[in-house]
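Before any comments, here is the structure.
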Amino acid sequence: MTHFPHDDPPSHASPAALRALIESRRAVRRFTDAAVPEAVIRDCLELAVLAPNSCNLQPWSFQVIREPALLARLHPVCMSQNAAKAPLIIAVLARPDTWRQACANIVSYWPEPDVPARIRSFYAKTAPFQYNQGPFGLLGLLKRQLVRFAALRKPLMRTPNSQAQMRVWAVKSTALAAQNLMLAFQSHGYATCPMEGFDEVRLRQTLDIPRQALPIMLLAVGKPAEKGIYNPRLRFPLEQHVTWL
């Protein structure tokens with residue numbers, strides 16, 4: 001019987017090491033001019049895309065910005081904040097528009113010699129029906145009505161059945177990848193700052209962002225400079241956020 005790497009039992013990282021990594025990550029807003037090596041960037045991106053995601057359709061893309069002139073143009077787009085002076089900025093984009101190509105890619109890149117019939121069927125029939133919203137979202141509207149009646153008899157997954165729900169769908173998976181990306185840079189000794197403060201219209205004028213792509217953050221990356229962390233860490237008590245059932 002052929003053995004594949006995914007058959008191996010999962011290894012377990014030390015909880016203490018994981019806690020130390022997560023606790024060491026802070027949003028750093030001042031960076032030195034030291035460049036981030038390409039090998040580090042590539043390693044961190046490889047770890048980012050290992051994030052769990054919906055139906056393995058990987059609805060994300062990343063734009064790596066290192067060219068000084070382009071970084072200088074981005075600085076005012078990011079409200080001229082200090083974090084935007086980093087030597088590296090990665091635009092993290094959610095892609096609700098790439099599901100169709102991803103369905104084909106699953107079959108093309110399947111890691112075994114033979115693609116199981118259930119996999120071919122799912123990505124040829126089930127997934128396209130689930131994610132296709134049709135022109136102007138009309139198919140999504142029809143599916144919402146069908147689900148409303150079918151769900152009277154049994155539990156059903158009711159989303160995504162609109163263009164708006166597709167955007168939420170893509171953002172959820174992309175946010176998981178962004179967290180992986182930040183922790184990966186932290187493990188290499190580089191600080192990050194996820195920036196949501198930017199002018200999206202001017203960002204699209206500055207970068208070549210596909211029309212349907214959603215910029216969910218600009219990730220500033222670099223070696224931390226002095227006074228890069230503005231305030232002590234503050235988190236609300238766990239009891240405010242957790243319900244034990």
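Rounded to the nearest 10 square angstrom, MET79 shows an accessible area of 120 square angstrom against a 1.4 Å probe. Relative to one another, the C-alpha centroids of segment 211-245 and segment 58-76 are positioned 20 Å apart. The candidate values were (i) 12.6; (ii) 18.2; (iii) 16.2; the one computed from these coordinates for mean projected area of the Cα convex hull in nm² carries the label (ii). Measuring only protein heavy atoms, the 1.4 Å probe finds HIS75 accessible over about 40 Å².
Relative to the dominant Cα principal axis of the chain, helix 68-77 is inclined by about 80°. Peptide packing for 23-31, 115-123 was compared via the average number of neighbouring C-beta atoms within 10 Å per residue; ordered from the highest value, the list is 23-31, 115-123. Under the criterion of Cα pairs below 8 Å and six or more residues apart, the relative contact order for segment 125-244 equals 19 percent.
I'd like the FRET efficiency for ILE22 and TYR109, computed as 1/(1 + (r/R0)^6) with the beta carbon distance as r and R0 of 41 Å, rounded to 0.05. With R0 = 41 Å, the Cβ-Cβ based efficiency is 0.85. From most to least packed by mean Cβ count within 10 Å, the peptides 214-227, 141-154 give 214-227, 141-154.
For the chain, the longest principal axis of the C-alpha atoms and the axis of helix 99-108 are separated by about 80°.
Applying 1/(1 + (r/R0)^6) with r as the Cβ-Cβ distance of SER14 and MET79 and R0 = 41 angstrom yields a FRET efficiency of 0.55.
The values are calculated or read from the model by the stated rules, or taken from the named source; none is laboratory data. Predicted model, so just to flag it, every value in this text is computed and none were measured. Heads up, the Cβs are rebuilt from the backbone with ideal geometry, glycines too, and the neighbour counts pull from every protein chain shown. Heavy atoms of the whole protein, side chains included, go into the accessibility calculation; ligands, DNA and RNA do not. Shrake-Rupley method; radii C 1.70, N 1.55, O 1.52, S 1.80 Å.
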